[in-house]
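Let me begin by presenting the structure, written as structure tokens, before commenting on it.
What follows draws every value from the coordinates through simple rules; no lab data is involved. Since we're looking at a predicted model, the values are computed, not measured. Positions of Cβ are generated from backbone atoms using ideal geometry, with glycine treated the same way; all protein chains shown enter the neighbour counts.
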Amino acid sequence: MSYALRKLEHPWDVDDKIVNEHERVVIIRFGHDCDPTCMQMDEVLFSVAETIKNFAVSYTVDITKVSEFNIMYELYDPCTVMFFFRNKHILIDLGTGNNNKINWAIKDKQEFIDIVETVFRGAKKGRGLVISPKDYSTKYRY
């Protein structure tokens with residue numbers, strides 16, 4: 001599905017999208033286009049793009065082609081989703097301890113829409129950290 005999403009091929013493009021979008025949340029999926037986790041996340045991003053177009057825009061970045069952000073954003077996972085609003089990285093408390101990013105594929109479309117809406121509402125109010133509508137702390141509990 002990454003072929004249907006807008007790709008950012010240069011570090012300048014990434015910075016430009018983050019800095020110059022003033023009204024919507026910028027969602028960037030960092031990862032590899034051929035990774036199965038990224039493919040699942042890209043499918044969700046593509047399927048919700050029309051629904052969230054008024055308050056969010058999403059892009060994909062291949063971290064092998066654009067490696068300048070790997071150290072800065074600690075992009076060590078196969079798939080990472082980050083949120084930005086008005087040139088500010090928006091943190092999201094998912095209950096996992098890592099508030100900087102989502103590093104797994106969210107397969108439920110409505111669940112992802114709820115997260116994006118929460119990020120947008122919190123960011124509009126000037127919050128740098130928002131609380132996720134769902135707690136993911138027990139995601140890997142058996």
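Descriptive notes on the structure:
- Output for the stretch 53-68, where each listed residue is closer than 23 Å to Val119 by Cα, free of Cβ contacts under 8 Å to residues at least 60 places away in the same chain and touching a strand residue (DSSP E or B) at 6+ places or on another chain (Cβ under 7 Å): Val57, Ser58, Tyr59, Thr60, Val61
Table: residues versus (1) closer than 25 Å to Asp35 by Cβ; (2) touching a helix residue (DSSP H, G or I) at 6+ places or on another chain (Cβ under 8 Å); (3) β-branched (Val, Ile, Thr).
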| position | (1), (2), (3) |
| --- | --- |
| Asn70 | yes, no, no |
| Tyr76 | yes, no, no |
| His89 | yes, no, no |
| Gly97 | yes, no, no |
| Lys101 | yes, no, no |
| Trp104 | yes, yes, no |
| Ala123 | no, no, no |
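- For the stretch 79-127, filtered to residues that are without any contact (Cβ under 8 Å) to a residue 60 or more places away in the chain and in contact with a Phe, Trp or Tyr (Cβ under 6 Å, 6 or more places away or on another chain), the residue that is nearest to Ile18 (Cα to Cα) is Thr80.
- All of Glu50, Glu43, Glu21 fail the test of being of a type outside the set (S, T, N, Q), within 22 Å of Glu117 (Cβ to Cβ) and free of Cβ contacts under 8 Å to residues at least 24 places away in the same chain, apart from Glu50.
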